1. Give a residue-ordered list of calculated ³J(HN,Hα) values for the stretch 50-67 (Karplus: 6.51 cos²θ - 1.76 cosθ + 1.60, θ = phi - 60°; whole Hz; x for Gly, Pro).
2. Give the carbon-plus-sulfur fraction of the accessible surface of the stretch 16-97 in %, rounded to a whole number; probe 1.4 Å, heavy atoms of protein chains only.
3. Label points 7 Å out from Cα along the Cβ direction at I3 and A76: separation in nm?
4. Rounded to the nearest whole Å², what accessible area per residue is found for the stretch 44-111 with the 1.4 Å probe?
5. Quick one: Debye curve from the alpha-carbon atoms of the stretch 49-164 only, equal weights, vacuum; give me log10 I(q)/I(0) at q = 0.12, 0.17, 0.19, 0.24 Å⁻¹ to two decimals.
6. Calculate the spin-label point distance for R147 paired with N131, positioning each point 7 Å from the Cα along the beta-carbon direction, and give it in nanometres.
7. Share of the stretch 114-175's accessible area from carbon and sulfur, percent, 1.4 Å?
8. If eta is 0.692 mPa s and T is 37 °C, what Stokes-Einstein diffusion coefficient results for the stretch 1-81, Kirkwood Rh from Cα pairs, in µm²/s?
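The values are calculated or read from the model by the stated rules, or taken from the named source; none is laboratory data. All values derive from a computational prediction rather than experimental measurement. Positions of Cβ are generated from backbone atoms using ideal geometry, with glycine treated the same way; all protein chains shown enter the neighbour counts. What goes into the accessible areas is simple: the full protein's heavy atoms, side chains included, and nothing from ligands, DNA or RNA. Shrake-Rupley method; radii C 1.70, N 1.55, O 1.52, S 1.80 Å.
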Amino acid sequence: EEIAPPQPPSPERGAAIFQENCASCHGSRGDGQGPDSARLDPKPANFTDSAFMRGETPNDFFHVITLGKRGSAMPAWGDVLSLQERWDVLSFVWGRAHDTAQLAEGQGIYLSQCASCHGRAGDGKGPYASNLLTPAPSFTQPAVLGRRTDTELVDVVRDGVAGTAMPAFRNLGDDQRWKVVAFLRALSLGGPEGGNGTNADGGSGNSFSTQAVMTPSVPSAPMKICFK
């Protein structure tokens, strides 16, 4: 089966799907504390646990949603939800581990450190991109980062990529690397509307919108690359 969604995932659409089909076990906030969770063994996954989420990949989540999980109460949704709907709910679920403040901080780090090559919208079209010997990847599609865990992406930010223009960002602290990776992941999954800033019923609350991310109204901070 082709697993790439026909359109960018929408955490807002995914929130509605999640509340209707998943919240009874996983809880309205995705914390694994739904009304049916008490009778389940093993317990439903807690998507608000950042340590757990850092070791998972979107592709793995997609396959679990599609095929279910043997030995658990997780059913297969492949015949119930369309390909697009599965990615929509996945994008909402992935945002449970981060709140709006964390994503906003990650956005600021991205704009100052990464946008000169990868573009303000994460599309690989930054002002330096045309001069690079190795193209800067776009982060606007799930497939680009879908097979990598957040832990692996943090390692890339810290160590760089040999044979490319991607430098090692040793100038960033561990907390900063995690936040910029969280923002990159949100970009790849349709935007940060699915973050923990959402309401308990899955609404987008005060979370900043994709439009705010794609064309951020921030001062023109210096865009730089650190090769140290």
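1. Result, rounded to whole Hz: 5, 5, 5, 5, 5, x, 9, 10, x, 5, 4, 4, 4, 5, 5, 4, 6, 9.
2. 50
3. Between I3 and A76, the simple spin-label model gives 1.6 nm.
4. 42
5. -0.54, -0.98, -1.15, -1.49
6. 3.2
7. Result for the stretch 114-175: 54 percent of the exposed heavy-atom area is carbon or sulfur.
8. 243
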